[in-house]
Each structure stands twice: as structure tokens, then as C-alpha cells.
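Here is the structure we will look at.
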Amino acid sequence: MIPILRKVADACIHASARISAVALIFIMLVICADVIGRTQGHPLYGSHDVVTMVMVIVVFGAMPLCDRTGGNISVDLFEKKFSPGMNRVLDIVSSAIGAMFFACVCYATFESAKISKMLNLSTNLLELEKVWFQYSICAFCAVSAFGLTLRFIELSINFGDARRNDEAV
């Protein structure tokens, strides 16, 4: 059951990373078009709105892959001083805390999205509805929470650490 869940989690993680990469390329194109337009005296109208909202997708879309590959900032100053068992306990605890954190962010953002939908909140210039970007935050946070929960389970039942497997990513 765990290997199947790991494959599903990895597929979701890689899909969110691809979406994030496409969003980053889109931001780059918008900024380039805006800069070229500004040199010609015709800036791209609403580029600030687009870049700001799509940056949400870039940041939160990359978070699951960042955790999956162990790319989060960590302090390994004491790691060599601790026993392997203590390091394992710390990994388990940090996975549980991370999963709870992303679940809470998902819940809070979903509640905020309900308010945004009710009040019809949108960006200033292009009037892009904010609710869809908040829903994307919820989806990416759910993927992060799922990946961290699965890592917590794998470490807790001594299934191994997917980060250290050769076929992990």
C-alpha cells in the first residue's frame, strides 16, 4: 500500500513542480514583454497583477518538490553529534509538524477563499478573481501535506526514507 501511495504522491509532486515551472516561464515572458514595451513607451497593462498572482503558483507549486528532495533549509550543525535514532526521531517530528503546518495553511486559505468569493475580491487593474489563486494555494498545500504525511508514515513504520532512495526523484 505504501509504495502505491508513494507513486501517487510523487506524481502529484512532479505535476505541481511542472505547473510551477510553466508559471515561472510565463512570468518571465510577461516581464520581458513589459520591459520591451516600456522601452517603446507602451508598458504591458496589468503586468504587475499578472506577475503578483502567478508568483503564488510558482512559490506554492514548488514547495512539495522542495520538501520531497530535502531542499528546505536545515541546520545540520548538530546532526553529526546526534545518534542515528535521534536524527530519525527529529525527521519524524519535523515531518509531522510540516504536514500539520501545510494542512493549516490549506484550511486557512480555503476559509479566506470563501470570503474572497463572497466579496468578489479581485486584483486592481485586470480584476483577476483572487479566489482561483487561493484555491491553487490550497491544492499545492494539500499536496505538500500529503507528501509530508506519507514521509511521516514511512519513517514511523521503518519503511525507509524516500529522500535517500536512489529512485526517489
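The values are calculated or read from the model by the stated rules, or taken from the named source; none is laboratory data. Keep in mind the model is a prediction, meaning the values are calculated, not measured. In this analysis, Cβ positions are derived from the backbone assuming ideal geometry, glycine residues included, and neighbour counts consider all displayed protein chains.
Table for the structure above
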| quantity | calculated |
| --- | --- |
| Checking Asn124 against (1) part of a loop (DSSP other than H, G, I, E, B); (2) over 22 Å from the mean Cα position of the chain (by Cα); (3) modelled with pLDDT under 90, the condition it does not meet | (3) |
| Those residues of region 127-143 which are in contact with a strand residue (DSSP E or B) (Cβ under 7 Å, 6 or more places away or on another chain) and outside any helix (DSSP H, G or I), in sequence order | Leu128, Glu129 |
| Residue pairs meeting the criteria (Cβ under 6 Å; at least 6 apart or on separate chains; first under 13 Å from Glu154 (Cα atoms), in region 77-96; second at pLDDT 90 or above and not basic (Lys, Arg)) | Asp91/Leu155; Ile92/Leu155; Ile92/Ser156; Ser95/Leu148; Ser95/Phe152; Ala96/Phe152 |
| Qualifying residues in region 18-53 (those that are outside any helix (DSSP H, G or I) and surrounded by 15 or more Cβ atoms within 10 Å (Cβ to Cβ)) - the one farthest from the chain's Cα centre (by Cα) | Pro43 |
| Of residues in region 1-30 being among the small types (Gly, Ala, Ser) and in contact with a Leu (Cβ under 9 Å, 6 or more places away or on another chain), the one farthest from Cys66 (Cα to Cα) | Ala9 |
| Residue match in region 61-83 (condition: in a helix (DSSP H, G or I), surrounded by fewer than 14 Cβ atoms within 10 Å (Cβ to Cβ) and not hydroxyl-bearing (Ser, Thr, Tyr)) | no |
| Hey, Glu167 exposed (fewer than 13 other Cβ atoms within 10 Å of the Cβ), at pLDDT below 95 and not aliphatic (A, V, I, L, M) or not | yes |
| Among (1) at pLDDT below 95; (2) under 22 Å from Ala11 (Cα atoms), the one test that Val89 misses | (2) |
| Neighbours by Cβ (under 9 Å, 6+ apart or cross-chain): first from region 19-40, under 22 Å from Val59 (Cβ atoms) and in contact (Cβ under 8 Å) with a residue 40 or more places away in the chain; second assigned to a helix (DSSP H, G or I) and of a type in the set (S, T, N, Q) | Ile19/Ser136 |
| Condition broken by Val93, with the remaining ones in (1) surrounded by 13 or more Cβ atoms within 10 Å (Cβ to Cβ); (2) outside any loop (DSSP other than H, G, I, E, B) satisfied | (1) |
